[in-house]
Amino acid sequence: MTDAAPEPNQSKKRKRGSPKGIAPPTGDITFISVPKPPPSAFNKNRRAGCLIKAQLLHIQRAESARLPKEKRVGVKLEDIHTEAEAAAYIAAVTRILHPQGRKKSRPKPRS
Amino acid sequence: MPPGLDALKHIVVLMMENRSFDHMLGSLKAVNQQIDGVDGTQFNRDTQGNQVFVQPLAEFQSQLDPDPDHHFPAVDQQIFAGDQSATRVATMQGFVQNYFQQQQDVAHSQKIMYYFSADKLPVLTSLATNFAVFNRWFASIPGPTICNRAFAHYGTSFGQVGMSMFYPQGKSIYERLQDAGILAKLYYFDQASSTMEVVNLLQHQPELFGTYDQFLADCKSSKLPAYSFIEPNYTDHDNDDGEQLASDQHPDHNVQAGELYIASVYNAIVSNPALWASTALLVVYDEHGGIFDHVPPPACTPDGHSAGPADTGLSAPFNFDRLGVRVPAILISPWIPKGTVVGTDRVFEHASIPATVTNHFIGSYTASTAREQSAQTFLDLLSLDTMRTDSVVFNIQD
């Protein structure tokens, strides 16, 4: 993939007022546009890298330390190859270890 | 006490992944000569002996694939160009030759020298030029993520130089604060991304953990803890809100997604005027990810541990007496003079984080490591007598 042509930052100064509900402090505000990545940037089938593989090992150890066998997710790490597969296992264990992190309705990204 | 420090009630640290200073912020030397970036003259030699100069050709994705090696032996080669003698000098001349080993492709190996032009990273470069950018913030260890992140949490990695899970023998910054009756929280992105602090999750959940959504809500409702550490999203995955793009900027994840994440953290703080006035936000990267930087890491105070050849992959032990490669670090607060460049005479590393947070919220703390005790703290940068009324706000394009 190559980068799309960069957008100019479109910096400009205004007094007060702001886009999309942001209520910044008083004074001169410089608004800077931030482009979003293209949809093609998303690839959940990317092979899990070394950082994720290390996290999987840690999560599995945590699962073994905290949960009796009958409550474990029962996934073999050698069967996990992609980021999506890794995320699914990590989510399953984290849901048990830290149920307080359960997703609620997510606000739209702030601007 | 300076009024900015007097007003300071919250410290927020956002730690990103695996990019070097020159790669992300090196272009700013053209904007401000005080910023110790690149000017096109820095080079490495490739495996054919050709000079490979730095160039502003970095792309958001698919350029550093495979992921450049950043484990201990590889970083040692990047810094010392393969010299393992007792009298060796850090030359920063081994990046291209090290990256060549992964694909045996001379042209591809040269991409490790690419850096971003400033206009490609509007969030990071705007924050750097509007607040304080550090010329000398280094990773704590010339190695990978887990051991480096440990320094941000504990002020040491307890002898670890790799990615292994370990049980700490000292108190994390979160436990120290908790013992003092002060709120601290580690916010991970979502349950599918979870945390790199799995041991902490085991030992100290739920009280020390939250999600990114909770961070946003805590900012909005003025319920942010005294200390917050934010982790990015480490994977591309789906959740109930649809596709979630990894925002950690770890190669080969999209760098623009990380820009959006940094912007959203910053916007969440700046949009609450009371919070903005009382918060310092540090954006920092855990390590360089194998990507070129031209500044040799300096020696540092040892932390009392030693890693043997079995752990380092080298013939000599490592006594935690040298820092890792330089990384981007930016401190943000309305009490910092615009355009502050922290000079080359002040060296920071990730142990500076618990040192600073402990010093500000607790005061004297003798149980920290020698490394942490010798680490520079950074809140003196909040030096203004009156708070700035100008600011930057990021407008995320649809």
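The values are calculated or read from the model by the stated rules, or taken from the named source; none is laboratory data. Note that the coordinates shown come from a computational prediction; the quantities given were computed from them, not determined experimentally. In this analysis, Cβ positions are derived from the backbone assuming ideal geometry, glycine residues included, and neighbour counts consider all displayed protein chains. With ligands, DNA and RNA removed, areas are computed over all heavy atoms of the protein, side chains included. Shrake-Rupley method; radii C 1.70, N 1.55, O 1.52, S 1.80 Å.
Structure data summary
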{"read-out": "Average Cα contact separation per residue, segment B:248-358, under 8 Å, 6 or more apart, as relative contact order %", "value": "26"}
{"read-out": "Mean separation of Cα contacts under 8 Å, 6 or more apart, over the residue count of segment B:79-223: relative contact order %", "value": "11"}
{"read-out": "Note, ³J(HN,Hα) from phi for segment B:347-360, Karplus 6.51, -1.76, 1.60, rounded to Hz, x at Gly and Pro", "value": "9, 10, 8, 5, 5, 5, 6, x, 4, 5, 5, 4, 4, 6"}
{"read-out": "Accessible area buried at the A-B interface, both sides summed, 1.4 Å probe (Å², nearest 100)", "value": "6300"}
{"read-out": "Probe 1.4 Å, accessible area per residue of segment B:89-194, Å²", "value": "26"}
{"read-out": "Folded to 0 to 90 degrees: helix B:255-270 orientation relative to chain B principal axis, Cα", "value": "20"}
{"read-out": "Cα-based convex hull volume of segment A:44-101 per residue, rounded to whole Å³", "value": "73"}
{"read-out": "Pairwise FRET efficiency - residue A:40 versus residue B:117, Cβ, R0 = 30 Å, nearest 0.05", "value": "0.90"}
{"read-out": "Taking chain B and dividing mean pair separation by its residue count, relative contact order in percent (alpha carbons under 8 Å, at least six apart)", "value": "29"}
{"read-out": "Prolate/oblate/rounded call for the protein assembly as shown, Cα gyration tensor, a/c under 1.5 rounded", "value": "rounded"}
{"read-out": "Unit charges on C-beta of K, R, D, E only; dipole of the protein assembly as shown, Debye", "value": "1320"}
{"read-out": "Apportionment of accessible area to carbon and sulfur, segment A:44-101, percent (1.4 Å)", "value": "51"}
{"read-out": "Calculated FRET efficiency for the pair residue B:362/residue A:95, C-beta based, R₀ 45 Å, to 0.05", "value": "0.85"}
{"read-out": "Length released on extending from residue B:373 to residue B:274, taking residue separation times 0.36 nm less the Cα-Cα span", "value": "32.5 nm"}
{"read-out": "Cα-centre dipole for chain B with unit charges at Cβ (Lys and Arg positive, Asp and Glu negative), debye to 20", "value": "1140"}
{"read-out": "Other-chain or far-sequence residues with amide H under 5 Å of residue B:52's (modelled H)", "value": "B:44, B:45, B:46"}
{"read-out": "Entries in A:36/B:120; A:69/A:103; A:69/B:185; B:9/B:338; B:9/B:171 that, when Cα-Cα distance is taken, lie over 19 Å", "value": "A:69/A:103; A:69/B:185; B:9/B:338; B:9/B:171"}
